[in-house]
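The values are calculated or read from the model by the stated rules, or taken from the named source; none is laboratory data. Note that the structure is predicted; figures quoted are calculated from it, not measured. In this analysis, Cβ positions are derived from the backbone assuming ideal geometry, glycine residues included, and neighbour counts consider all displayed protein chains.
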Amino acid sequence: MINKNIDLEDVILYLATIALSSALCYYNIYLGAAGLTIGLFCFWWEEQQTHAAQRILKNTIEGIDKEINETNQERLFRMPIAMVAIDPSGSILWFNKYFRSSFGFKQDEAIYEKKLDEKLGIDLNKLKDSKKMNFEFEESSYALVANPFVSNKQKVTLIHFYDITQHKIREERFIKNEVVFCYIALDNYTDNIEQLPIQERSMAVSQIDVQLNAWAQSMDAYLQGYASDRYLMAFERYKLKDLQEERFSILDRIREMELYEKMQMTLSIGIGVSDQEKTIREKEEMSRAALDLALARGGDQAIVRYDDMRYYYGGKKEATEKRTKVKARVKAHSLRELMLESDNVLIMGHRNPDMDCIGSAIGLLSACDKLKINAKYILPGLNYGIRSLFDYLAENESYNDSFISPDEVPEYIRAKTLLIIVDTQNEHIMEMPELLEQIKRMVIIDHHRRSNDIINKTIMNYTEVYASSSCELVVELLQYFDDKGIIGEIEANVLMAGIYMDTKMFTFKTGVRTFEAASYLKRKGADMVVAKVMLQDDLNTYTMRSDLVKNATVFFDKIAISSMSSQAEYANIVAAQAADELLDIKGVQASFILVQKKDEIAVSGRSMGDINVQVILEKMGGGGHLTIAGAQIQDKTLVESKTWLLETIEDYLKENEE
């Protein structure tokens, strides 16, 4: 083989020698042959020397490579990172010294060809898919990295075990000592303080300050008041677990304080924490939002927000009625201006609307009519609970064109359409939740406690959980519209029927402002007899309600539960009525009725006040008030739902006994 690395100069020299020798042969054949022989010999000799030099260089390189490989293998074997090579079945083919010592294998223990997943409990399928995963072994933490390759036509995976124990410890220490912001508000501070004589006010405030400061000192926390009724507390995150385990006992201590003439003060607390990377401002905003939610739900409770999860504590006291009407006046002015600025108004309630939902809508429809604004209520059809109301409305032609079906809604959506949502703020139970994306200008008027599924993108939200009903809130707003004849006798009767239904004839959730709203409606011509007629039942509903009460069973010595299966359209209404009647039984503090209708089970809960049915049914996906709540259960049988309800009640009772 000719050496490809011969220099060009050597080639020219050899060719010149051959040419010269060939020329000499013409004159003297012997001399030419000698020259050609010498030239060929020199060429052969050069080739031999070059090959010899290349062999020496190759041997030298191979020797160096061998030394490097041996050195690398030794280093891999002694490297302070555990490594193991496995075949596709998970059998160990090779491992280094640190692997043996890290996982407690004895020196004489045979490891080769053993299954790695059986030895260490590693999920190799998960590692194969992700190439990376974390792994815990005894008290150590490892980050596993898999590197597949082929050796001698065999598939091999080399796994590195990076020890991240110290990193995890530092991370846990950081999370443990992360600063948590805790916002605290005194519920109805202004109303309560105004009841006190001047000489008693400072004493009451100091009593509360002493309790809060003692609470903060017990946690070695920082506490600072930034308003007469607001505080900010900061503490390490690991202390939050203790607060949750004791279910924020400070709520009970403040509530049980003996103030002037048995005046009761309550707290609302909001805390936000996150496992994601958040700035100080974002963490503070999470805590502030949690406090706002606690206040919107009626106060006397603590809410801890973990990213998208929320945990509720307290809420043992019904929301305290606010005595000032400044907020109602401001909201009324804002609502009136929003109506006047709008192209038209659409009003929507919850599915299966009741008297309170339709009643509040009728009040708003009347206001829009007096303001010369085109307004419609979205109603897919009539149900048993509102049929008598529509029979009453049919006597007057004013509302013949005030209701539209969901199919007609697109025709009424304009650039400046105002959507007013009444008697709910939970998008999952709204008549047309898709409108929340189609209409940008939204107003909410509701009296239910806020849940996790609230609507945030509103331009006005008038939610007062102290109110008896949405009808009461609408009446308060309409009083400040300053327009004569804003409602007439028809609207007054319908609004009165809504209040009448939700208060159970002025026995539940009835405050001073409820009677003030009723008084206003009476002045507008409301007749209590007409309201009662709209709420009358027929014989079938009365019989069904009686059967539910008769078949009820008392659990835990104080909670009555009854259930039935019915396809009647009025089944849900009868369930709510039966739950109310069960409270008339001596010793019953709370009642629950379960009614199965098609593939859904409706639960109605009622309470005398000592048991919070809202907290119980929230855990089952429902919500409401402390004394009135409901839930819709799917994908469970009636028996399974009742068992779930009993387990939830038992958990609630245990939590409140601790």
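Per-structure values
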quantity: Selection count, the range 153-190, where residues are surrounded by 17 or more Cβ atoms within 10 Å (Cβ to Cβ), of a type in the set (A, V, I, L, M, F, W, C) and more than 30 Å from Lys131 (Cα to Cα); calculated: 6
quantity: Given (1) in contact (Cβ under 8 Å) with a residue 40 or more places away in the chain; (2) more than 22 Å from Thr510 (Cβ to Cβ); (3) surrounded by 14 or more Cβ atoms within 10 Å (Cβ to Cβ); (4) of a type in the set (Asp, Glu), number of the condition Asp369 does not satisfy; calculated: (1)
quantity: Residue match in the range 267-287 (condition: of a type in the set (Ser, Thr, Tyr), within 27 Å of Asn656 (Cβ to Cβ) and free of Cβ contacts under 8 Å to residues at least 12 places away in the same chain); calculated: no
quantity: Residue count for the range 436-492, restricted to those that are in a strand (DSSP E or B), within 24 Å of Gly630 (Cβ to Cβ) and more than 24 Å from the chain's Cα centre (by Cα); calculated: 0
quantity: Any chance Ile616 is buried (at least 20 other Cβ atoms within 10 Å of the Cβ), assigned by TED's automatic domain parsing to the domain that holds Ala552 and farther than 28 Å from Gln244 by Cα; calculated: no
quantity: Selection status of Ile193, under 23 Å from Ile250 (Cα atoms), modelled with pLDDT under 80, buried (at least 16 other Cβ atoms within 10 Å of the Cβ) and of a type outside the set (Asp, Glu); calculated: yes
quantity: The range 72-91, subset touching a helix residue (DSSP H, G or I) at 6+ places or on another chain (Cβ under 7 Å) and not in a strand (DSSP E or B), residue modelled with the lowest pLDDT; calculated: Phe77
quantity: Residue that is surrounded by the most Cβ atoms within 10 Å (Cβ to Cβ), among those in the range 196-224 that are in contact with a Phe, Trp or Tyr (Cβ under 8 Å, 6 or more places away or on another chain) and more than 18 Å from Arg253 (Cβ to Cβ); calculated: Leu196
quantity: Failed item in (1) surrounded by fewer than 13 Cβ atoms within 10 Å (Cβ to Cβ); (2) in contact with an Asp or Glu (Cβ under 8 Å, 6 or more places away or on another chain), with Phe235 passing the rest; calculated: (1)
quantity: Hits in the range 551-608 - residues which are surrounded by 21 or more Cβ atoms within 10 Å (Cβ to Cβ), of a type in the set (Ser, Thr, Tyr) and in contact with an Asp or Glu (Cβ under 9 Å, 6 or more places away or on another chain); calculated: Ser562, Ser591, Ser604
quantity: Residue match in the range 248-256 (condition: in a strand (DSSP E or B) and modelled with pLDDT of 90 or more); calculated: no
quantity: All helices (runs of 4 or more DSSP H) inside the range 533-627 with 2 or more residues being under 33 Å from the mean Cα position of the chain (by Cα); calculated: 571-582, 613-618
